[in-house]
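See below for the structure under consideration.
We did not get these values from a lab; they are worked out from the coordinates using the rules stated. Small disclaimer: the values here were computed from a predicted structure and weren't measured. Positions of Cβ are backbone-derived with ideal geometry, glycine not excepted, and every protein chain shown enters the neighbour counts.
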């Protein structure tokens, strides 16, 4: 396997995730090239020392790349895959950072034979977006899911592992359908719950100015991800719709059970159920 110091990496999309990845790889690779739609984004990336070179021309950015990583919203990745395939040199590893994998991996299977495809999804992020929010330490300690295709070579998968580890992440190989099933509950559902919480507060108490004097950490923490980039989240929800809807159905059943216990005033049963949930939460994060 080639050493990272000899690898030329191009990152397509220099928002929060792409800019952070560029910064995390900067200095560890032969070169880190950034591709973005706006010249201002390139200028910021260069000024912050996140990339060695930047361009708004996709063909120019990927022409000499050993690895190309697509860090745009999911449906942009899906649109770009057909365009980018013929532009890549033979043997190039093409990865992505999309939060859903089944649609992307299926589209990757149509890429020209001279490309090595590998799906990727780092389990990290912030509720802010853009190159200004880029943080090269964001990947430290996170799980970096890798979803190889049947055509992905062992060498390509090893290189994907090395890239994930180079930015401080822990690689984990999963099938695309399994990853989409899991993240629907632990990542995509929490976003919708946070949005519903903000909507509830707005519909009930926001007109009372005292609300903003008494709001505490519980509301801030629980509603935090409602501030996430809407374009990114709409792409995620619509490309993992089936699994998200199943997770929502289960959640609604759980919430309905709790509502019935509160309505009935059944203190003993309510205490039993909440205690069991508390113990499960403690076990999850031991």
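Details
- Pairwise centroid distance, computed over Cα atoms, of the range 218-286 with the range 134-213, Å: 17 Å
- Across the range 90-235, C-alpha contacts under 8 Å between residues 6 or more apart give a mean separation that, scaled by the residue count, equals a relative contact order of 23 percent.
- Helix-only CD estimate at 222 nm, as mean residue ellipticity for the chain, using -39500 (n - 2.57) per DSSP H run (n ≥ 4): -15000 deg cm²/dmol
- Rounded tilt (10° steps) of 16-25 against the dominant C-alpha axis of the chain: 50 degrees
- Förster radius 25 Å - calculated FRET efficiency between residue 262 and residue 213, Cβ distance, rounded to 0.05: 0.40
- The residue 203 and residue 280 beta-carbon pair, evaluated with R₀ = 30 Å, returns a calculated FRET efficiency of approximately 0.50.
- Build a GNM of the chain with springs between Cα atoms under 10 Å apart, and of 192, 87, 274 the one that fluctuates most is 274.
- Antiparallel %, DSSP beta bridges [both residues in the chain], to 5: 20 percent
- Modelled FRET efficiency - R0 35 Å, residue 252 with residue 109, Cβ distances, 0.05 increments: 0.50
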